Amino acid sequence: MNLDVSTLWSQRFQAFSRNAIFYLGKIGNSGFLFVILLLFIAGAYYYRSFLDWLPASFPVSLFLAVIFGFLTTRGGHRTLLKPADLIYLTPLELNMGPYFARSYFYNWAVQGAGLFILAVILNPLYTERIYATGAGISFWGFVFTLLLLKGANLFARWIEARLHHKKKRRILFFLRMIASTLWILSITSLNTLPVSGILAMMLTVYAAYEGRQIQKSHAYNWETLIRMEQVADARFYRFVNQFVDVGHLQDRVVYRRILPGLAEKLPFHKTQAYRYILIKMLFRGGALWGMLLRLTLVNGLMVYLIPDFYGELAVYILFLMVTGMQMRAFWPVFHRQFMFRLYPLPDAYQRSAFASVTFTVLMIQALFAAIPHLFHQHGIMEYILLPVAGAGVAYLYSFVVLYRYLTRNQQEEQLMMYG
Amino acid sequence: MTKILQLDGVTGGYDASNPIIHDVTFDVHPNEIVALIGLNGAGKSTTIKHILGLLKPHQGSITINGHRFLDDPDTYRSHYTFIPETPVYYKEMTLWEHLEFTARVYGLSRETFEKRIHPLLHTFRMEAKINQFPEHFSKGMRQKMMIMMALMVKPPLYIIDEPLMGLDPLGIQSLLQSLEKAKQEGSGILMTTHILSTAERYCDRFIIMHDGRIAAQGTLSELQQKSGNPQATLDELYLEFIEGRVRS
């Protein structure tokens, strides 16, 4: 009996969509979406003044080319493959075409939609600075090109996945990124077309040739494909976890030495044990650390960009709150470690470690993001008010709001375990 | 003689209406290694979970050095270390950091930690791995990490689930020697295993579990007497008891 791989894809896709819709629904219900909406409205409000402020000499075309060059190039494949497929589907390797074709179009659609949304957001900038000045083609032509580039890059990425050499894959990624950037540059800045267009064409022809060679000499690299699926899955759950508790997060670990080394400075004492491990987890768990870093940088940037004090203050506090919520989302990952249940330490140590580390994270952001505030023309009161408000929010959130939540959470779990 | 671990008529499991172990009574003394043996599903792991304090007995009581879990969980837990069958590790921490963290958890001083850990790293030939992540270790190496973490603490009681699986022959030898040493120093050790020939050589007493009950327990010669076969090996005794030919 032959397995129909198209049906297999449809079945998996249905299961996947059900799951995704379930979680997206939960996100819709969480109050966090409201925060995004607020940011969106604030963004729309300041967009006009941002456009007016942006100097005419700003290289919009280069800016767009670099951003979209990167975004069209990056992005892996969701194949909905499962680890067990390594055993059960590999015998069907030669018949997998229809399955992978479907997954290809799915990825193109989803990633294309993301590009489309971003492009629409940037439409006023594009139309005003690129199209109206005659520098480049129309907005819809631009969008069409982005989608084409996405499709081509995804196809190339699919072929490159056959390669085992990480280094070669990186080189090809880099080449594709340059080619994509040049393509976008040539349509948004038509006077560069003779140079950038020809270069882009040459790189594309080379990439196509290289792709043919790889296809001829390499079979599917199942392990890479499965890993790519897992990465995509982890990313999805990480995203969801920012709104609702997912529980089974698989996070990638990045080996950093210096910052996690701070934990070694803690006194060698039972009370500090959870603080020790939390600091290690925080700095090495790729996703959360990156998120905290981004939130801190963006907070500083917003404080810098927003001209009036109260707008500044509102966004500043909002970002601190969002950062606090990010930390809170990490709590289940932290305290549900199996071995924690065997350690001769009171549960309260987990809470106090978590609250105090959260406080430190928020304080660092509060201080850092207050620096750009000094560049604005304000009265002395305003200079002081912002960081003081930040410190107040950090303290209240960590030691009151969060700590209460952690206590309740642990009591409930205790009750479930021991009755 | 004082008992380190005492189980008294313990009936328990995950669900009160469906007990998995029934009326389990046994003890572990200082200076002895006790083997808990039985087929897959005999109730060994459930028994261990009860001892660890992860499950609450439906009936009966468990004490470690006279302490009951619910009276004071932290004191209770500070009297044992546990080596699980499947190594558990934190993917964000290196081998060395695992060891240091464990030392902190059990309240060891930095000096005690450093003094104890280097000989262990040497014994288990893991010195070169201290800055690596267990994520990249083989199962045997992860198991060695768990073993070192448990041994470093020098608790009164060791609870060890299937310690020999995945270890290389040198690792097995190092572990057994280390356990022997811990035993000499006054600890009690409870371990489950399927490798009966090793158990026969290293363990002082045996508890044979079957279908959630204790089918037989005693020293090798006591079990041989019960079976009426003074020459029987542990393998033979084990099969005999679990097949129910001998009622104890």
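Each reported figure results from applying straightforward, stated rules to the coordinates on display, with no laboratory input. Quick caveat: nothing in here was measured; it's all calculated off a predicted structure. Glycine gets a Cβ as well: all are built from the backbone with ideal geometry, and neighbour counts include every protein chain shown.
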Dipole magnitude of the protein assembly as shown about its Cα centre (Cβ charges: Lys, Arg +1; Asp, Glu -1), debye to nearest 20: 1560 debye
Amide H partners (placed H, <5 Å) of B:M209, local residues excluded: B:I37, B:G38, B:A215
Centroid-to-centroid separation of the range A:157-176 and the range B:128-151 [C-alpha atoms, Å]: 33 Å
The range A:253-418 - charge dipole about Cα centre, Lys and Arg +1 at Cβ, Asp and Glu -1, debye rounded to 20: 760 debye
Exposure rule at most 14 other beta-carbon atoms within 10 Å, DSSP loop GluC sites (Glu not before Pro): chain B longest free segment: B:1-184
Euclidean distance of C-alpha centroids, the range A:251-325 and the range A:57-116, integer Å: 31 Å
Test item: B:145-158 mean partner chain Cβ contacts at 10 Å: 0
Size of electric dipole in the range A:182-312: Cβ of Lys, Arg +1 and of Asp, Glu -1, about Cα centre, debye, nearest 20: 580 debye
Within chain A, helix-based [θ] at 222 nm, where runs of 4 or more DSSP H residues each add -39,500 (n - 2.57), nearest 500: -24500 deg cm²/dmol
Global form of the range B:70-209, assessed from the alpha-carbon gyration tensor, a/c cut-off 1.5: oblate
Kyte-Doolittle at least 1.6, axis length at least 18 Å by Cα - qualifying DSSP helices, chain A: A:60-73
With at most 12 other Cβ atoms within 10 Å, longest stretch of chain B clear of loop trypsin sites (Lys or Arg not before Pro) (DSSP): B:1-244
Three-way shape call for the range B:88-154 based on the alpha-carbon gyration tensor, with the a/c threshold at 1.5: prolate
Long pairs among A:K168/A:K280; A:K280/B:K144; B:K91/B:K144; A:K280/B:K183; A:K167/A:K265; A:K26/A:K82, criterion Cα-Cα beyond 27 Å: A:K168/A:K280; A:K280/B:K183; A:K167/A:K265
Residue of B:S178, B:S197, B:S45 that the Gaussian network model of chain B assigns the largest fluctuation, springs spanning Cα pairs under 10 Å: B:S197
Between helix B:110-123 and chain B: long-axis angle, C-alpha atoms, 0 to 90°, nearest 10: 70 degrees
Three-way shape label, chain A, alpha-carbon gyration tensor, a/c 1.5: oblate
Loop-located trypsin sites (Lys or Arg not before Pro) in the range A:56-108, at most 16 other Cβ atoms within 10 Å (DSSP): A:R74
